[in-house]
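Data block below; observations after.
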Amino acid sequence: MDLWFIIKDRYMLLSVLLIILLVCLFLLLATWKRRSDIPKILTLIITTICTVIIVLSIFALVFAVSFGYNS
């Protein structure tokens, strides 16, 4: 039950991180679907950047929730 109060307390940060995560997932999916139309180096760059942003966003979400839960 305490987790729900932490989420309500930090909903702005969590919602921004979730929006970033969803946008990167959408861009990654769109790039993967059209990879034959896009040059290979651009596909590689977009995939790498999106993957890094997704991983960092997930770590930030976990950190924001766990930091609030432990304080």
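The values are calculated or read from the model by the stated rules, or taken from the named source; none is laboratory data. Keep in mind that what you see is a predicted model, and the values were worked out from it rather than measured. FYI the Cβ positions are ideal-geometry reconstructions off the backbone, even for glycines, and counts take in every protein chain you see. For the accessible areas, the whole protein counts, side chains as well, though only heavy atoms, and no ligand, DNA or RNA atoms are used. Shrake-Rupley method; radii C 1.70, N 1.55, O 1.52, S 1.80 Å.
Computed quantities for the displayed model
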{"item": "Span-like helix ranges in the chain, DSSP H, alpha carbon extent 27 angstrom or more, Kyte mean at least 1.0", "result": "11-33, 40-70"}
{"item": "Rounded to the nearest 10 Å², the accessible area of Thr43 at probe 1.4 Å", "result": "20 Å²"}
{"item": "Fully extended contour minus Cα-Cα distance, from Thr43 to Leu29, at 0.36 nm per residue", "result": "3.9 nm"}
{"item": "Residue among Ser57, Ser15, Ser36 with the largest mean-square fluctuation in a Gaussian network model of the chain, springs linking Cα atoms under 10 Å", "result": "Ser36"}
{"item": "Residue among Val52, Ile19, Ile38 farthest towards the positive dipole end of the chain, charges placed on Cβ", "result": "Ile38"}
